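Chemist: My questions all concern the structure below.
Where a number appears in this text, it was derived from the coordinates with a stated rule and is not lab data. What you see is a predicted model; the values in this text were computed from it and never measured. Methodologically, a virtual Cβ is constructed for each residue, glycine included, from the backbone with ideal geometry; neighbour enumeration extends over all protein chains shown.
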Amino acid sequence: MNLIAHPSPLLDDVYHEALLPCGLRAFVYPKPGMQKKIAICGARYGSIDNDFRQGGSSFSMPHGIAHFLEHQMFKKDHGDLLIEFSRRGATSNAFTEYSSTAYYFSCIDRFEENLGTLADLVFAPCFRDAWVEKEKLIIEQELRMYHDMPDSRLYQNLQESLYVRHPARIDIGGTVESVRQITRAQLEQCWKTFYSPANMTLVVAGDVDPASILEGVEARVAALGLPAGGAIRRGRPKEPARVAAARRVERMQVGRPKFLMAWKETSPPAAGRDLLVREIEMNLALDSMLGRGSALYGRLYSRGLIDDSFSAHYSTTPTFGATVMGGETDDPEALERELVAGAGRWLSSGPGRRDLDRIRRKYLGSFLRGFDSVEQCAFALLRFGWKQFPVFELPKLVRHVTASGIARTARRHLAAENRVVSLVVPKDGGGAAAG
């Protein structure tokens with residue numbers, strides 16, 4: 001096994017990368033002296049991957065099947081693996097996002113046993129018709145519950161306003177109607193396609209020996225005799241640059257209006273360095289424009305238009321992305337006006353030199369502090385691995401971004417035609433009127 005070391009003189013740390021013979025890509029971040037250990041196994045498969053082609057066959061799956069599959073993977077003939085992890089003192093969970101699914105556990109003792117269970121979880125599924133039918137009822141109830149939650153409605157309405165055709169406009173869990181269509185055969189096909197070792201990434205962080213850990217994983221996975229899997233071609237509808245709707249307002253039982261404003265990413269980078277530079281530039285722009293040290297943030301806070309619930313963040317993938325900002329406010333119309341006007345003033349000049357130094361130091365400080373935690377180390381390796389970029393190279397990118405580059409990227413992205421607003425307002429008529 002060829003272990004590639006990635007050192008960081010800045011952190012005085014090193015992580016190791018290997019491509020196992022079974023096809024699994026693996027990262028191990030040794031943290032000597034740390035009691036807690038964590039392992040994550042992630043698939044490049046999420047809620048937007050419903051239409052795909054592999055081995056000469058084309059498939060179109062119901063929305064929500066990736067999330068449904070995540071739930072099913074914990075079920076085995078000998079019992080629920082969540083309970084098995086718990087009996088060994090491990091905390092385990094999983095999540096499905098638009099572009100990925102991940103399973104993970106953390107523990108102090110019996111790490112190798114738990115790691116073997118994690119391998120069995122993802123690579124040795126057990127599908128039963130009765131379990132599928134029971135899970136439909138559970139997920140339907142979950143979807144109905146989220147539909148009645150104001151924060152969930154606020155965000156889902158935003159997604160439906162941003163995207164015209166892209167599957168990111170559909171809830172990650174799907175719809176009640178789409179979940180009812182899911183079959184055992186479809187779940188088996190999705191597992192066979194997307195859970196092959198070549199489409200998965202394993203990350204381990206803690207006080208472990210990289211070679212020993214990975215040799216054990218390779219032996220466990222190889223013994224299962226999994227097929228190699230072929231290239232996956234994912235289908236995507238062509239998404240227009242325009243937004244689906246400029247404004248969406250929903251009345252619900254809330255005490256205060258909830259406000260989100262977003263700008264659609266109309267030209268997301270493919271992957272790797274370009275994608276990360278875009279994320280760095282836009283998040284530095286947002287920090288300079290209305291971070292907690294900015295004049296605009298102070299003005300909005302002093303006027304009571306925002307509170308500690310307010311945040312702003314940009315993220316993108318190779319096929320979609322957006323800047324999203326907002327929180328609770330007593331006057332969403334005034335907040336919208338002030339944010340748009342404040343952004344316009346900032347865009348006319350961009351960040352100054354002193355401001356650029358400040359926001360770069362803040363960004364790097366937050367990034368580097370994360371490596372004090374085994375959980376954050378592991379998830380950073382996973383997400384940067386999916387982005388095809390070495391995590392320890394990020395500080396170099398941050399140091400080399402320029403004020404002119406930040407301003408240029410922000411001016412392109414924060415255009416009026418890319419902007420949408422989602423509001424949830426009290427049923428009694430408080431807040432903004434529907435438009």
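Chemist: If you add up the charges near L276, with Lys and Arg at +1 and Asp and Glu at -1, over every other residue whose beta carbon is less than 10 angstrom from its beta carbon, what do you get?
Modeler: -1
Chemist: While we're on this one: Step through the residues of segment 222-228 one at a time and calculate ³J(HN,Hα) from phi using the Karplus curve (6.51 cos²θ - 1.76 cosθ + 1.60, θ = phi - 60°), rounding each to whole Hz and writing x for Gly and Pro.
Modeler: 4, 5, 7, x, 6, x, 5
Chemist: Using only helices, what value at 222 nm comes out for the chain when you add -39,500 (n - 2.57) per DSSP H run of length 4 or more and divide by the total residues, to the nearest 500 deg cm²/dmol?
Modeler: One gets -13000 deg cm²/dmol as the mean residue ellipticity at 222 nm.
Chemist: Okay, next question. With a Förster radius of 30 Å, plug the Cβ-Cβ distance of S366 and F59 into 1/(1 + (r/R0)^6) and report the FRET value to the nearest 0.05.
Modeler: 0.15
Chemist: Then there's this: Applying the Karplus parametrisation 6.51 cos²θ - 1.76 cosθ + 1.60 with θ = phi - 60° to the phi angles of segment 412-425, what ³J(HN,Hα) value in whole Hz is obtained for each residue in order, glycine and proline being reported as x?
Modeler: Result, rounded to whole Hz: 5, 6, 8, 8, 4, 6, 8, 9, 9, 10, 10, 10, 10, 10.
Chemist: Another question, if that's okay. Excluding residues on the same chain fewer than 8 positions from K136, give the lysines whose Cα lies under 16 Å from its Cα.
Modeler: Partners within reach: K75.
Chemist: If neighbour count is taken as other Cβ atoms inside 10 Å, put D129, D13 in order from fewest to most.
Modeler: Lowest count first: D129, D13.
Chemist: Can you find, among A43, A312, G229, the residue sitting farthest towards the positive end of the charge dipole of the chain, where Lys and Arg contribute +1 and Asp and Glu -1 at Cβ?
Modeler: Value: A312.
Chemist: Given H placed 1.01 Å from N in the peptide plane, which residues other than close sequence neighbours of E250 have an amide H under 5 Å from its amide H?
Modeler: L423, V424, V425
Chemist: Binned at 20 Å from 0, what are the whole-percent values of the Cα-Cα distance distribution for the chain, short to long?
Modeler: The distribution over the chain is 23, 54, 23, 0, given as percents.
Chemist: I've got another one for you. For segment 94-111 and segment 221-279, what is the separation of their C-alpha centers, rounded to whole Å?
Modeler: Between the Cα centre of segment 94-111 and that of segment 221-279, the gap is 21 Å.
Chemist: Would you please state the base-10 log of I(q)/I(0) at q = 0.13 1/Å for segment 283-424, with intensities from the Debye formula using one equal scatterer on every alpha carbon?
Modeler: -0.67
Chemist: Could you give me the ³J(HN,Hα) list for segment 43-58, computed from phi with Karplus coefficients 6.51, -1.76, 1.60 and θ = phi - 60°, whole Hz, x at Gly and Pro?
Modeler: 10, 7, 7, x, 5, 8, 9, 8, 10, 8, 9, 8, x, x, 10, 10
Chemist: Which is farthest toward the positive dipole end of the chain among F85, Y163, A246, measuring Cα position about the Cα centre, with Cβ charges +1 (Lys, Arg) and -1 (Asp, Glu)?
Modeler: A246
Chemist: Right, here's the next one. Compute the signed sum of charges (Lys and Arg +1, Asp and Glu -1) over the other residues within less than 9 Å, Cβ to Cβ, of P62.
Modeler: That works out to 0.
Chemist: Continuing with the same structure: Helix 272-290 versus the longest principal axis of the chain: what is the Cα-based angle in degrees, 0 to 90, to the nearest 10?
Modeler: Tilt relative to the chain: about 40 degrees.
Chemist: Can you flag which of K37/K258; K36/K134; K37/K396 are past 32 Å Cα-Cα?
Modeler: K37/K258; K36/K134
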